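Nothing in this text is a laboratory measurement; each read-out follows from the coordinates by a stated rule. In this text the structure is predicted, and so the values were computed from the model without any measurement. Quick reminder, even Gly has a Cβ in these numbers, built from the backbone with ideal geometry, and neighbours come from all protein chains shown.
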Amino acid sequence: MPSTHLCPSRCASVLVVLMATAALTAGCSEPTPIPPTPTTTPMPAPTATATPTATLQPTATPEATPEPTVESVEEAVVPRDALAGTSWSVRTFGPLRLQTRLVRGTSLTLQFGNAGEVSGSAGCNTFTSSYTIEGNTIDIQPPARTRKSCGLLTMRQEYYYLEALEQAIRFTLNGDQLQLIYNRGRGAINLTLVEEYDEANDANAPMGAYQTTIFVGPQRIDCDGAGQTCLAIRVQGEGRYLPYNGTIVGFDYVEGYQYELKVEARPVPNPEPGAPAIEYSLIEVLHQEAMQTAPASADMAKTNPLENTGWQLRTVETAGVETPAIEGVAVTLLFGEGDAVGGSAGCNTYISRYSVGGGTIAFSRIVTTLKSCGDAAVMAQEQAYLKALEGAQTISVFEGQLTLTFDNGNGVLRFMAIR
């Protein structure tokens, strides 16, 4: 009996031991299937390496990079000297999406020489430079230009045009159309072919020659501040006349008329000091108008436009010979209130009355002081001046200059404004 009672407890103990052992054995034997589990994770599987190769294949195909083909075609179409000996006129230029037209009345040109030189008109000034091309790339050196001053809009356009030329990086040539790309591809200059010339065979079409319209004023104006007078030239689109110290080949100028001329303009690369930077040759007289109805004398239509103005004598012209006023001797013409006028004749002062209208002027008897100056030249100039005033017939005001004619137009007094 006792053994019967012990057996279950011993058996239970044994059973517990056996169960624990089995559990331990089960726990120890469980890891054995774990190593095979990596087979389900195909980390080093060759399929992974095969996938990149498959995806890289399309990008490696030469079809995706056609640049070599394009370059070779462009080089074949655009030879190295494609622009040599051609002349172009700008239609528009500016940012690619904001092309602007030119300031009204101005022209921008570009001429390529046969030896790597380039020149043209920037609207106000002319410029010269050099260029090189390789395939469809272009490099233009910083241009050298003349130093004229024109209107604000024209000068601003000129600045941007020359800057664009200097930044040019490539070009496209399509028949009579040329496009220069500049500012790293963000801007373009669009040009149209104007003319082609051969410098060796055509002496009448030199490097940089172009056609334009100019206006010549009805009277000559001061050139250099030393008494020399020049033609008054205004380029189309500009409101201001500037002195032109040169001649217009083939043009016979008659003072008292305003002219509109079609001319050929030829830039002078290295002009002598005081010489013009552009030479003009007449093509056609487009319009000619007498001084009385010209814009230059339109000021005279106002009621007494001379009132409270002052002028100093610069030159006296008699029988076609122009003589500057004596340096350091102020000869003045001062218009006061109403019809009063007076001034200095060089030695003596004078007063008078005047009437003006329709481009004519008349002075009444001139009264002077009676001083005697020691310089005979000053006294001779004074007498000639007072006599010319008494015989004055016509008057015009033009670009800050007043002109009186006397002796039936054979004599001219020219004054510059002083107040």
Fraction of alpha-carbon pairs in segment 340-382 farther than 13 Å apart, rounded to whole percent, equals 58
Do any chymotrypsin sites (Phe, Trp or Tyr not before Pro) in segment 384-414 lie in a loop, going by DSSP, with at most 14 other beta-carbon atoms within 10 Å of their beta carbon, and if so which?
none
In square nanometres, what is one fourth of the surface area of the convex hull spanned by the alpha carbons of segment 297-417?
7.1
Given segment 76-196 reduced to its alpha-carbon atoms as identical point scatterers, what log10 I(q)/I(0) does the Debye formula return at q = 0.19, 0.20, 0.21 Å⁻¹?
-1.01, -1.13, -1.26
Given the C-alpha centroids of segment 318-353 and segment 120-136, what is the distance between them in whole angstrom?
49
Where does each of Thr146, Thr128, Thr369 land when they are ranked from fewest to most other beta-carbon atoms within 10 angstrom?
Thr369, Thr146, Thr128
Least to most buried among Lys371, Lys148, by other C-beta atoms within 10 Å and fewest first, runs Lys371, Lys148
Order of Cys347, Cys150, Cys230, Cys373 - criterion: other Cβ atoms within 10 Å of each residue's Cβ, fewest first:
Cys373, Cys230, Cys347, Cys150
